[in-house]
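Every number here is computed from the coordinates shown, using simple stated rules; none is lab data. Predicted model, so just to flag it, every value in this text is computed and none were measured. Don't worry about glycine lacking a Cβ; one is built from the backbone with ideal geometry, like all the others, and counts go over all protein chains shown.
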Amino acid sequence: MAASSPVFAEPVFRFAPSPNGRLHLGHALSVLTNERLAHKLGGRLLLRIEDIDITRCKPEFEAGIREDLAWLGLRFDGAVRRQSEHVESYAEAARRLQARGLVYPCFCSRQVIKRAVALHKAWRVDPDGAPLYPGTCRACDPAEAAARIGAGEPHLLRLAMDRAIEVIGGAAGYVAFDEAGQERSVAAEPADWGDVVLARKEVPTSYHLSVALDDALQGVTHVVRGRDLEAATDIHVVLQRLLGLPTPRYHFHPLLSDETGQKLAKSRLSESLADLRARGVTAAEIRAQLSFD
Ligand code: GLU
């Protein structure tokens, strides 16, 4: 009998920009790192458009992103996944978690949270620096909550983090890898985030929920993204465990700063790839500047 060779999952990488502005050099670093690692491991590279933020995402930004990526010479495998086309499937996952008592409706406005938090001297903040949700609606009677929702009161859905951690058995973590292929285990600290929002008022999902579901659905094995999303990965591993999804391996690349030392950011209107192109900079020069020759 011929010995069958073991079947290894093909590595799958993804670049997942949000079309809420134009790409800058930091995005070029991110997508080129994905491309390099996918090539090195003989894997595929997918493109996902994370456009669930209906107030900030615009079709013209998506068109601009596609233009910038083509200009950089990137080719993606498979069909592009656009999150706005799958909102119902994310909402359904949120409902499943809610049915297990892991998610609860929250009626607090930003102002109400601000006021509650202001009453305390040293209120804890999450890893992004936002005050932890004080838990006001966590103990809300389900019948009362249902009546308020029935009356049309705006609400969002929050993950009951303590309960979620209990359900997954306390510990969670993931494997981080570097560009040299070294791996290390990372213990997640999801409690630092408190009861994060899983579904918003305007759209019944969130970045955390959609990203956890899509990485699994697209068979992503290696997530390569900026260090600004390293801490949030602790939320994603909890959601993966709760939803029975696999946990990919993670690599977090450094963030780029401008000449004043400020982190490049769309919100700060950092010079975009389109601006650089208009100044006559070539894609080859961008690759060289970021050490991708
Ligand atoms: N959509 C996110 C962004 O543009 C990236 C999310 C991710 O890579 O997980 O910052």
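Each residue in segment 169-212 was checked for being closer than 22 Å to H253 by Cα, within 16 Å of the ligand (Cβ to nearest atom) and part of a loop (DSSP other than H, G, I, E, B), and 1 of them qualify. Residue-level check: of (1) surrounded by fewer than 15 Cβ atoms within 10 Å (Cβ to Cβ); (2) in contact with a helix residue (DSSP H, G or I) (Cβ under 9 Å, 6 or more places away or on another chain); (3) touching a residue at least 60 places away in the same chain (Cβ under 8 Å), P248 misses just (1). Based on what the data block shows, is L243 within 16 Å of the ligand (Cβ to nearest atom) and out of contact with any Pro (no Cβ under 6 Å at 6 or more places or on another chain)? No: the conditions fail for L243. Residues in segment 167-202 that are within 16 Å of the chain's Cα centre (by Cα) and closer than 28 Å to P154 by Cβ: 7 in all.
Take the conditions (1) in contact with a Lys or Arg (Cβ under 9 Å, 6 or more places away or on another chain); (2) among the aliphatic types (A, V, I, L, M); (3) over 16 Å from A164 (Cβ atoms); V197 misses just one of them, which is (3).
Residues in segment 216-234 that are of a type outside the set (D, E) and within 11 Å of the ligand (Cβ to nearest atom) were compared, and the one that is nearest to G173 (Cα to Cα) is T233.
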